[in-house]
1. In region 173-199, which residues are hydrophobic (A, V, I, L, M, F, W, C) and surrounded by fewer than 17 Cβ atoms within 10 Å (Cβ to Cβ)?
2. What pairs come out if I take residues in region 61-72 that are farther than 10 Å from P164 by Cα and pair them with residues that are outside any helix (DSSP H, G or I) and not β-branched (V, I, T) whose C-beta lies under 8 Å away, six or more apart or interchain?
3. Would you check which residues across region 336-351 are of a type in the set (K, R) and either surrounded by 11 or more Cβ atoms within 10 Å (Cβ to Cβ) or not in a helix (DSSP H, G or I) (or both) and list them?
4. Does Y222 count as in contact (Cβ under 8 Å) with a residue 12 or more places away in the chain and within 28 Å of M333 (Cα to Cα)?
Amino acid sequence: MTLSPVQQRALTWLALASAAFLLLWVMGPALSPLILALVFAYLLWPMVRMLERRARLPRAIATTLTVLFAMAAVTALALLLVPIVTTALPQLRTQWPQLLDKFNHVVAPRLQELGIAVDTETVKASILKSFDGNMEEWGQKLLSSARIGGSWLATVVGFLVLVPVLVFYLLVDAESVTTGAWNLVPLHSRERLAAFLGECDTMLRQYLKGQLAVMVAMALIYPLGLMLTGLNLAWPIGVFTGLAVFIPYLGYTTGLVLALMSAAIQFTGWHGVAAVAAVYAIGQVLESFVLTPRLVGERIGLSPLAVILALLVFGEVFGFVGVLVCLPVTALMVVALRHAMVAYRASWFYRT
């Protein structure tokens, strides 16, 4: 059976996509610094172009300033976790038995009235066993779940050194890198591929700009609300939660757990914990029904449900690398699906 040119092109692109997925699966741990650098370079490229055009700076200087700014922003975000790690977690480790006893005497009876049985002794033993593990064991578990091998300390140091260097050279040589990749594209496919990639780029950048606005807004709302409850770690936990909403529900849940644990440690009664929970409930309503629809919008095509499913699938299959490539690949798939639907509705099969 002879394939038509359209079928041949479709099979070719399918083969290339399959090869890319296979490469990520096999070489993911080795490629993770490069992929992370590509993601950062894509995000930072508009800033480099702005410094070149408006400030008329040379490419090397503009790139250096951009990379330094990004490193300072990432460092500031990491420093938000320092008060949590140095204050809340040690207190949590020593007070877990008392907190579980409080739970056993106050909450467990209410749950039993509803027919829900909770074995607090088993939960207590499991939590205390987890806290007895050292940092090396925790780091190895984290790297194993992210499908990254080696020592956790060496991996972190390697990323901190290698990724900024790769980002710098990718931004400096952006034109040569893209030109070299573009020269590999067949001539007869370049016009269609350019339109397709342009649509993907527009959609993804609109999504990122909208999400950035939501992150900034929530990074102000959460700490201000937590301050009203009297929580000592209101600012680090609140700002961290606001910035972590970029990962739908997972970032929010992480911030909620940290805030509730800190409230349980600080406050003697349950009123403070309930107030913290109320702040997070109100914040979730504002984010889901007010900020995200207005700042992101449904026209982009990346719904929160699609992002959650994509993060779960890519994270499970490819680990840390899957999380990095999740958004751009999802954008490609959404645009490809739109074009496929247009082609399907124009086909004889749909019309007859």
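Values quoted throughout were computed directly from the atomic coordinates according to the rules given, and no laboratory measurement underlies them. Note that this is a predicted model, so its numbers are computed, not measured. For neighbour counting, all protein chains shown are included, and Cβ atoms are generated from backbone atoms with ideal geometry for every residue, glycine included.
1. Restricting attention to region 173-199, the residues satisfying the condition of being hydrophobic (A, V, I, L, M, F, W, C) are 174, 177, 181-182, 184-185, 187, 193-197.
Residues satisfying the conditions are V177, A181, W182, L184, V185, L187, L193, A194, A195, F196, L197.
2. Qualifying pairs under 8 Å: A62/A55; L65/L57.
3. Just the residues of region 336-351 that are of a type in the set (K, R), to begin with: 338, 345, 351.
Matches in region 336-351: R338 only.
4. no
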